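The values are calculated or read from the model by the stated rules, or taken from the named source; none is laboratory data. Being a predicted model, the structure only gives us computed values, none of them experimental. We place every Cβ from the backbone using ideal geometry, glycine too, and count neighbours over all the protein chains shown. The protein model used for the area step is the full one, side chains on, heavy atoms only, and it has no ligands, DNA or RNA in it. Shrake-Rupley method; radii C 1.70, N 1.55, O 1.52, S 1.80 Å.
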Amino acid sequence: MSFKLRSFLILANSRSSARPFATKADIDTIVRVDHAGELGADRIYAGQMAVLGHTEKGPLIQHMWDQEKVHRARFEELIRKYRVRPTVMTPIWNVAGFVLGAGSALLGDKAAMACTVAVETVIVEHYNDQLRELMDDPNANKELMETIKQFRDEEQEHHDIGIDHGAEQAPLYRAFSELIKFGCKTAIAISKTI
Ligand SMILES: [Fe+2]
Ligand SMILES: [Fe+2]
């Protein structure tokens, strides 16, 4: 095989594996940030369970945690399937999620619920933004859309559970909630790119 032909084949092959279809770039961003978010959520509920697992709120938190474990596993599957590089922040979100969950739970069960409501509010908005983006794209990945739709509904359920269990009665609810929302939005912005 001539040198020119071989170079051409190598180039063509590397291009097609880097960009198997037009929306690969978007899929990279979506899967990376959602994987990071679901990992963080899994760790938040793990932290809450470590503190409140033995209390009457234990089964409720366990129910939400079980769903987060499924969310996390699903995005771990998608990250492998689409060969997406996970965010370099993975070890940080691992620790930060647990600290946020355990820390809020140490302030009491209402503060834990306030944390849940703040986090889930940001996640539901984030998933809705992604769904709007995907619905505008005629070539959008259907598998990804269905996953996001289902998880968005479950995050909304977590949000509602938090409200029903006294989130808004937590001390300094507004400031606490705004602080956590700001942290989540920052984590999302970082995880989209690095
Ligand atoms: Fe989740
Ligand atoms: Fe959730």
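Brief remarks follow.
- Figure legend. Inter-residue proximity from the stretch 113-141: first residues under 18 Å from Val31 (Cβ atoms), second residues aromatic (Phe, Trp, Tyr), beta-carbon distance below 8 Å, spacing 6+ or different chains. Indicated pairs: Tyr127/Phe151; Asn139/Phe21.
- Within the stretch 41-70, considering residues that are assigned to a helix (DSSP H, G or I) and among the acidic types (Asp, Glu), the one nearest to ligand 2 (Cβ to nearest atom): Glu68
- Against the criterion of being assigned to a helix (DSSP H, G or I), at pLDDT 95 or above and open to solvent by 70 Å² or more (accessible area, probe 1.4 Å), Lys4 does not qualify.
- Taking the conditions (1) away from ligand 2 (no atom under 16 Å from the Cβ); (2) part of a helix (DSSP H, G or I); (3) under 15 Å from the mean Cα position of the chain (by Cα) in turn, Trp93 satisfies each one other than (1).
- Scope the stretch 71-86; condition assigned to a helix (DSSP H, G or I), more than 10 Å from ligand 1 (Cβ to nearest atom) and touching a residue at least 12 places away in the same chain (Cβ under 8 Å); matching residues: Glu76, Leu78, Ile79
- Residue in the stretch 124-147 that is under 22 Å from Arg72 (Cα atoms), in contact with a Ser or Thr (Cβ under 7 Å, 6 or more places away or on another chain) and open to solvent by 20 Å² or more (accessible area, probe 1.4 Å) present: yes
- Ile30, sole failed condition from (1) within 15 Å of Ile188 (Cα to Cα); (2) surrounded by fewer than 22 Cβ atoms within 10 Å (Cβ to Cβ): (2)
- Which numbered condition Phe151 fails, given (1) over 12 Å from Val122 (Cβ atoms); (2) assigned to a helix (DSSP H, G or I); (3) away from ligand 2 (no atom under 13 Å from the Cβ): (3)
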